[in-house]
Amino acid sequence: MKRSLLLGAALCFGMASIAQTGIMKEVEYRYASPRNSIDPVHVTTVLPKATKHIGDGTSDINRVEMSKSINIYTALVEEQACISYNAATNAILFASRGGTGAVGTGNDIVASVSKDGGISFNSFVAAQSANSNLLRYPSGAIYNPAGNTTADQAFFSVSGPYTKSSNWLGTFFGTGTLAGQNVKYTSIDKTGNGDLLLRGGMTIDGQGIGHIAGMQYVGSSGITEYKAVVFKGVFDAANSTFNWTTQDLVPGVVKGSDGIYAMSYQMNNVAFSPDGSVGYMMYVGSDSRAPQNDLCGYQPIVYKSVDGGTTWNQMAYLDLKNNAVMSDYLFGLRRDNGTVKPHFNEADLVVDSKGDLHIFASVAGTYSDHIDSVGRYIFKYEKGAIFELTNVGQGDTWYVNYIDTLATREVKAEEGGYGQGTDAAGWSHRVQASRSADGNRVFVTWTDTDPVFWGFQTIDDYFNRYPDIKGWGRDIISNKRTQPKNFTSSSDFAGDNFFNYAAEVARTIDGGNEIAYSTTAIDFNGGPGAAVVHYYVNGINFNDADFVVTGVTETPSVVNSIEVYPNPAKDQATLKVNLTKGGNAEVALYNVTGQKVFGKAFEAQQGTQQIEIPVANLKSGVYFYSVTVNGERVSRKLVVE
């Protein structure tokens, strides 16, 4: 694989350590069966939660209520495409379950529509429960016929899985106009054994062709049989509805000796280019094409279509072992710290105007690549980083770009104080991909918590309990990118942004782009079974002036190159840095808990200089060194023997 040069750098507190540091402890991480996520029980007592931060209100972020749902089991998983934007009509659609006392019932799906760019919303039932089908986990998308500029004459489609008790029995579809007229309901029952769970990346192009991805599987504690499923819908203008057909695929995935496949229930997704000609479908698991004695972690397995989704062909194996960019930020294997195999925790995708795929993902290190352990365990304290993977010329050559290091890890059910026991729910970083309407810009949004701001004291505190909305963008024509932005840290909603969604298509505004974005206000006292309120978030903007870094450069502009040797080091390491200009500088070394164990300030000169870093008295393990010059920071790993 060709190496991509590093895009920027940020300080990481979550690098791997050798076993004696005590933070390599593994935790079991087999993906929980969605059968356990059909509906929660209302709880009345929860774990204690810190006092909510009162923001200073200096940002331009504001919220507009869209709808209410009976509980959080409408927006629980990030692969749903709940929010959609259409540029020609300036319309926004949000799909959710209904709620008692609001629009619809908890078994119906509601469409909330804005015709004024997110200032106000009107809600109506978009898919009404029929034949005792209980409708869950909706996605939604807008279809606007060519030449139309009136929102009321555009169409919507909503879709998701339905159940009658404890299994996922099929897929529902609701279609109508954005005015809430001519609403139709259809469903497709499953065939064969197992749960049919489709809710990934619903998209509809300008030609009226829609797609949604998922899988059919057998197994409540692990996948023992599976097939990947993609539904294709073609708009029938005569009847004002979509006609849906299905296609099955079977990506090769590693199978353990216990019969469990190393495959994620989640992250199944699909995206097409703006013109609908080129599409990609992604499933995530341990690819069986890896050498049997060198298995990979959970990573994308990608299919491509060049005929609008009629046929799908599997792309070449994506070899990410010891990737030159990812390895600087991820834990190595437990048995071999020097070997890094990425484990994808979350992933979303968009396709640009050139037909190239962009996978945005939060990634950590694979704990074990043993056939019976891959994907089942994670490092307890690793937080990981956000990366972009993109192919060039629609081919099989991939480049990896670093975006940002996560300050906190995702919230497990028992950590967040949102419900108790089996009725508790956690949340991820909500990695969401978007593109401009023309496909010339791509964006990623996610959430993270500032540990310093919230006063975290120990390594056990570092989980994403108080999330802010962050984002990053890249212009593929000018090859300029933004720095990571925090949109909500100075708003009245600091630390209070849960279960968010970003539309696939971003709005074009004066001087930039705005992401159509949703967040859900949750009731910690009531837990997952209590009613929730969905809000539209105004102000997730990327201005033209934000695209400031030209080209794909390994380091920020001041730091031309940086290296340390020897690495691993035993007594002393020498840092060699080349600067394009001088200024106030600092070299620092941090351990895995974020504690500074060495620091030296100096007046840097243009050109190359060397700094000695003593390590003889440090414990063996992985450390993180950084060089900061005039406010620009570059960070790398240093292994101490």
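The values are calculated or read from the model by the stated rules, or taken from the named source; none is laboratory data. The structure presented is a predicted model; accordingly, all values stated were derived computationally and were not measured. Quick reminder, even Gly has a Cβ in these numbers, built from the backbone with ideal geometry, and neighbours come from all protein chains shown. To get the accessible areas, we keep the full protein, side chains included, count just its heavy atoms, and leave off ligands, DNA and RNA. Shrake-Rupley method; radii C 1.70, N 1.55, O 1.52, S 1.80 Å.
Taking the Cβ of N71 as the center, what net charge do the other residues with Cβ under 14 Å away carry, scoring Lys and Arg +1 and Asp and Glu -1? Don't jump to the answer; show the numbers that get you there.
Working: positive: K68, R97, R136; negative: D39, D108, D423, D523.
Net charge in that neighbourhood comes out at -1.
What order, most packed first, do the peptides 342-348, 201-207 have when packing is the mean number of other Cβ atoms within 10 Å of each residue?
342-348, 201-207
Over what distance in Å are the Cα centres of segment 126-190 and segment 350-367 separated?
28 Å
How would you order 228-237, 156-165 from highest to lowest mean count of nearby Cβ atoms within 10 Å?
156-165, 228-237
Where only protein heavy atoms count, and the probe is 1.4 Å, what is the accessible area per residue for segment 337-438 in Å²?
Numbers: 2370 Å² over 102 residues.
In whole numbers, segment 337-438 has 23 Å² accessible per residue.
With the crude spin-label approximation of a point 7 Å out along Cα→Cβ, what separation in nm comes out for S132 versus S277?
The modelled label-to-label distance comes out at 5.0 nm.
Could you work out how far the C-alpha centroid of segment 377-415 sits from that of segment 60-102, in angstrom?
If we compute the Cα centre of each part, the gap is 26 Å.
Keeping all protein chains in place, calculate the accessible area per residue for segment 440-548 (probe 1.4 angstrom), answer in Å².
With all protein chains present, segment 440-548 gives 31 Å² per residue.
Quick one: which residues, 5 or more positions from E504 or on another chain, have an amide H under 5 Å from its amide H? H modelled 1.01 Å from N in the peptide plane, none for Pro or chain starts.
Y85
Nothing charged except the Cβ atoms of Lys and Arg (+1) and of Asp and Glu (-1): what's the magnitude of the dipole of the chain about its Cα centre? Round to the nearest 20 debye. Intermediate results must be reported in sequence, preceding the final value.
Numbers: 50 positive and 62 negative charges, 129 e Å.
Once rounded to the nearest 20, the dipole reads 620 debye.
Can you send over the carbon and sulfur percentage of the accessible area for the chain, probe radius 1.4 Å, protein chains only?
It is 47 percent, rounded to a whole number.
Using the Cα centre of segment 138-265 as the reference point, and only Cβ charges (+1 on K/R, -1 on D/E), how large is the resulting charge dipole? Debye, rounded to the nearest 20. Write out the running numbers ahead of the final one.
On the way: 7 positive and 8 negative charges, 20 e Å.
Roughly 100 debye, rounded to the nearest 20.
How much length is gained if the chain between K619 and D116 is pulled fully straight, taking 0.36 nm per residue apart and subtracting their Cα-Cα distance, in nm to one decimal?
Values: separation 503, 0.36 × 503 = 181.08 nm, distance 5.91 nm.
Here the answer is 175.2 nm.
Given [x] 144; [y] 156; [z] 177 as candidate values of volume of the Cα convex hull per residue in Å³, which corresponds to the one derived from the coordinates?
The value computed from this structure is option [x].
Whole angstrom only: what separates the Cα centroid of segment 529-552 from the Cα centroid of segment 559-589?
Centre-to-centre distance over Cα atoms comes out at 35 Å.
Ordered by residue, what ³J(HN,Hα) values in Hz, to whole numbers, does segment 215-229 give under the Karplus form 6.51 cos²θ - 1.76 cosθ + 1.60, where θ = phi - 60° and Gly and Pro are x?
8, 10, 9, 10, x, 9, 10, x, 7, 9, 9, 7, 8, 7, 10
What distance in nm separates the simple spin-label points at V597 and K570, each placed 7 Å from Cα in the Cβ direction?
Each label point is offset 7 Å from its Cα along the Cβ direction, giving 1.7 nm.
Hey, can you grab everything whose amide H is under 5 Å from the amide H of N62? Only 5+ residues off in sequence or another chain; H modelled, so Pro and N-termini drop out.
N538
What does a probe at I371 reach in segment 252-277, counting residues whose amide N is under 18 Å from the point 7 Å along Cα→Cβ?
Of the residues in segment 252-277, 252-263 have backbone N under 18 Å from the label point off I371.
Can you list residues from other chains, or at least 5 along the same chain, whose modelled amide H is less than 5 Å from the amide H of Q606?
G582
Efficiency by 1/(1 + (r/R0)^6): what FRET value for V548 and A324, r their Cβ-Cβ distance, R0 = 22 Å, to the nearest 0.05?
In this case the efficiency is close to 0.35.
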